1. How long is the gain from Glu326 to Ala66 if the chain were fully straight, where each residue apart is worth 0.36 nm and the alpha carbon distance is subtracted?
2. Can you tell me the alpha carbon radius of gyration of segment 2-158 divided by the globular rule-of-thumb value 2.2 N^0.38 Å?
3. Provide the packing ranking of 91-103, 273-285, i.e. peptides ordered by the mean count of other C-beta atoms within 10 Å per residue, highest first.
4. What number, rounded to the nearest 500 deg cm²/dmol, is the helix-based mean residue ellipticity at 222 nm of the chain, given -39500 (n - 2.57) per DSSP H run of at least four residues and division by all its residues?
5. I'd like the Karplus ³J(HN,Hα) series for segment 281-296: coefficients 6.51, -1.76, 1.60, θ = phi - 60°, whole numbers in Hz, and an x wherever there's a Gly or Pro.
6. Expressed as a whole percentage, what fraction of the accessible surface of segment 86-127 belongs to carbon and sulfur atoms when a 1.4 Å probe is rolled over the protein heavy atoms?
7. Using 7 Å Cα-to-Cβ label points, what is the Ala43/Ala316 separation (nm, one decimal)?
8. Using every Cα-Cα pair within segment 239-351, state what percent have a distance larger than 25 Å.
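The values are calculated or read from the model by the stated rules, or taken from the named source; none is laboratory data. These numbers come from a predicted model, not from an experiment. So basically every Cβ, Gly included, is an ideal-geometry build from the backbone, and we count neighbours across all protein chains shown. When the accessible area is computed, the model is the full protein with side chains, heavy atoms only, and any ligands, DNA or RNA have been set aside. Shrake-Rupley method; radii C 1.70, N 1.55, O 1.52, S 1.80 Å.
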Amino acid sequence: MTYASAAAPKRVLVLGGTVYLSRALARLAVERGHDVTVAARGASGEPPEDVEFVRIDRDTPEGVEALRGREFDAVFDVARIPAHVGPVLDLLADRVGHWSFVSTISVYARHDVVAPDLEEPTAADSADRAVERYGASKVACENLVRERLGAKAFITRPGLIVGAGDGNDRLGYWPLRLAEGGEVLAPGEPDRPVQWIDVEDYAAWLLDAAEAGLTGTLDAIGEPIGMGAFLYGIAEALLEAGIIGEPPLLTWLPQDFLAEQGVNPWAGPDSLGMWLPSPEYDGHQGRSAGPAVAAGLRLSPLGDTVKRWWRANAEAPRLKAGLSREKEGAVLGAWHDRRRRFDVPGPEAEA
Ligand SMILES: NC(=O)c1ccc[n+]([C@@H]2O[C@H](COP(=O)([O-])OP(=O)(O)OC[C@H]3O[C@@H](n4cnc5c(N)ncnc54)[C@H](OP(=O)(O)O)[C@@H]3O)[C@@H](O)[C@H]2O)c1
């Protein structure tokens, strides 16, 4: 990571800017007094107020012509496929001061350990959107940006992004569930690490980095904490906010039992958000926040992230993870039944 001698940007282009992270970034850039241009189709949502909106469609190379001849001090891009990246680089690479590309932690090929190996990139003009090629596509996008921007490129690899506007709400299952009360099924081991990055922290850091001329490639993720600390941290925030009146009652179930009962990890139907099985995913939520923090990333306390998430999303969450109360009750019931039959000591016996 290095610092280029960039002057603070004034003319900022956000490729995206109509939803979630890229929208938060555009809004923050306006708040900081930059002249902000947002370029997208306008299909995912509205750009924030007080930006110039340029309608482009990156699904065709001609679809970005509206940006021809423009110059920017800083560009931010969240593209997922190389076919979207090459054409804007052709137009703008020689006309910008700093280029920030949002990649993903899914570029890493190994999930069982924390290792630097990357997925094999897709072709440099690939338009393949298959979810199985997500990491490989981002590697190809990163390579294009590095080849064309060299010392002006800042590439960040976020893990799970959480916060206002989250379209997945994998974290969101937990505050919603804890707010309902009763016996809560907690997955696996309490010290199993989980990690995330708050959308507002990330947007602020990306903008700070452009303002400081920071370049290089870094993971963008908070420090891992145990699942137990995570769940009790959420509960504490809900207690402080008066959303719950008493601490939750968690029952930790081993992963083999959960698998047997049809409880899935991470996301999707009958899943528990942020939980990943061992040993296949021992490395997936174990990356260090250290290098990003050393490069200026400021991490909100979990309680602040939870309270912001609650204010923004709790009324209309877009949950892509979670168990129904019926399923959770059935799994807990099966566990207690087995414990009684085989005389397995439970939490009460341990107390
Ligand atoms: N969410 C996570 O947990 C997570 C984790 C790791 C990495 N990431 C990465 O973080 C970034 C998130 O970006 P985001 O929050 O802004 O959400 P996003 O859903 O990736 O936003 C994509 C943006 O690109 C625009 N876009 C899409 N297709 C387009 C086209 N054909 N032409 C022009 N513009 C187009 C969209 O606007 P229109 O549809 O209005 O055109 C939208 O503003 C992505 O790079 C993602 O890969 C996310």
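1. Additional length available on full extension: 88.4 nm.
2. In units of the 2.2 N^0.38 Å rule of thumb, it is 1.02.
3. Values: 91-103: 20.9, 273-285: 18.5.
So the order, starting with the most tightly packed, is 91-103, 273-285.
4. -10500 deg cm²/dmol
5. In residue order, the calculated couplings are 10, 4, x, 6, 10, x, 7, 7, 7, x, x, 5, 5, 5, 9, x Hz.
6. It is 48 percent, rounded to a whole number.
7. Result for the modelled spin labels: 2.1 nm.
8. Tail of the P(r) past 25 Å holds 44 percent of the pairs.
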